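The values are calculated or read from the model by the stated rules, or taken from the named source; none is laboratory data. Because the structure is a prediction, the values reported are computed rather than measured. Virtual Cβ from ideal backbone geometry, glycine too; neighbours counted across all protein chains shown. Quick note on the areas: whole protein, heavy atoms, side chains included, nothing else; ligands and nucleic acids left out. Shrake-Rupley method; radii C 1.70, N 1.55, O 1.52, S 1.80 Å.
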Amino acid sequence: MGAPGAINLAWAKACGEYMCRFDGDDKWYREYLQEAADALDKYTEAVLVHTDVSFIDEAGNITKEKNNIQRPSLLKFIDNEFAGILENIISTRLLLWPEKAPGIKYCPGRKGSGQASGTGFVRLMLENHVSCFIDKPLAYYRIHTSNMHRAMIKDKSAEINTLWILDFFKNHNNSIVKMDWNKIYFEQNKHLGFAYYFHGMDKDARRNLNRAMRYRPMAFFNLSFTRIWLASIVGKKRYDSAKSVFFSFKK
């Protein structure tokens, strides 16, 4: 039935006080559930808790231990992170308190959309509620060649699903103003453009980066953005070859 249908079915049948979504290729720290549940017990205004994560490789070796969830500096320990999660700052390794948001009955997402379904409930819950962030890694996120998100870049479903979910919430009655929506659409299109580029999909990278500049024209004057945009015109293979020759000559 696809990920959204499976998650909707699980949501309908779940009867516990808390629930947590868990990807099969990830891991938790031993103390994760206890600390997450303690936080929800203590901060009763929050509907969910999420934490920093450690990046691991295919063999389970830690490649980056902490500071992998980047939250805006203005956000407090407990805050409304709805705008932030639309920019994907929240890890899906989290603990939910569904009883606090009883109106959330389904998970929005196109069929087969791992990305939309994975955070669909979270976005709906945070649209009008606050969350709690534990600023230390309590879960592991595995990065490998068969990672679902990489596959979704390759088949372009990540782009389709991302823009679908943004349009879905933009048509909701929420507190996000036009300026913030422009920032959200810019960040997501930039992220997609960079991801396409690093997978060697130059035309798709340039298409998304051009779209990102429509939301924030001044991005053209950002060095890292413009470098990837220009490299997507030249082509990643040619750009990497030229860079290799340049650094060899420099040595």
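Examine the range 80-87 for a residue that is under 26 Å from Y185 (Cα atoms), among the β-branched types (V, I, T) and open to solvent by 20 Å² or more (accessible area, probe 1.4 Å), and state whether such a residue exists.
No, that holds for no residue.
What tally of residues in the range 235-247 results from selecting those that are touching a residue at least 12 places away in the same chain (Cβ under 8 Å) and either open to solvent by 70 Å² or more (accessible area, probe 1.4 Å) or in contact with a Phe, Trp or Tyr (Cβ under 9 Å, 6 or more places away or on another chain) (or both)?
Within the range 235-247, the first condition is being touching a residue at least 12 places away in the same chain (Cβ under 8 Å), and the residues that meet it are 235-237.
Remaining after also requiring either open to solvent by 70 Å² or more (accessible area, probe 1.4 Å) or in contact with a Phe, Trp or Tyr (Cβ under 9 Å, 6 or more places away or on another chain) (or both): 236-237.
Matching residues across the range 235-247 total 2.
Restricting the search to the range 1-28, which residues are open to solvent by 30 Å² or more (accessible area, probe 1.4 Å) and either assigned to a loop (DSSP other than H, G, I, E, B) or among the β-branched types (V, I, T) (or both)?
Within the range 1-28, M1, I7, A14, C15, G16, E17, Y18, R21, F22, D23, G24, D25 qualify.
Can you pull out the residues in the range 220-229 that are under 21 Å from the mean Cα position of the chain (by Cα) and crowded, with 17+ Cβ neighbours inside 10 Å?
Here is the first cut: in the range 220-229, the ones under 21 Å from the mean Cα position of the chain (by Cα) are 224-225, 228.
Listed by number, the residues that qualify are F225, I228.
Any residue at all in the range 142-149 that's at pLDDT 80 or above, out of contact with any Cys (no Cβ under 9 Å at 6 or more places or on another chain) and either under 20 Å from Y215 (Cβ atoms) or open to solvent by 10 Å² or more (accessible area, probe 1.4 Å) (or both)?
Yes, the range 142-149 contains a residue that is at pLDDT 80 or above, out of contact with any Cys (no Cβ under 9 Å at 6 or more places or on another chain) and either under 20 Å from Y215 (Cβ atoms) or open to solvent by 10 Å² or more (accessible area, probe 1.4 Å) (or both).
Residues in the range 206-216: is at least one open to solvent by less than 30 Å² (accessible area, probe 1.4 Å), more than 20 Å from L86 (Cα to Cα), out of contact with any Lys or Arg (no Cβ under 7 Å at 6 or more places or on another chain) and not hydroxyl-bearing (S, T, Y)?
Here is the first cut: in the range 206-216, the residues open to solvent by less than 30 Å² (accessible area, probe 1.4 Å) are 208-209, 212.
Within this subset, residues satisfying the condition of being more than 20 Å from L86 (Cα to Cα) are none.
No, the range 206-216 has no match at all.
Conditions (1) more than 16 Å from the chain's Cα centre (by Cα); (2) assigned to a strand (DSSP E or B), marked per residue:
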{"residue": "R30", "(1), (2)": "yes, no"}
{"residue": "Q34", "(1), (2)": "yes, no"}
{"residue": "D38", "(1), (2)": "yes, no"}
{"residue": "D41", "(1), (2)": "yes, no"}
{"residue": "F55", "(1), (2)": "no, yes"}
{"residue": "G60", "(1), (2)": "yes, no"}
{"residue": "T63", "(1), (2)": "yes, yes"}
{"residue": "R71", "(1), (2)": "no, no"}
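So which of K243, K203, K190, K183 is modelled with pLDDT under 85 and either in a helix (DSSP H, G or I) or under 20 Å from L126 (Cβ atoms) (or both)?
K243
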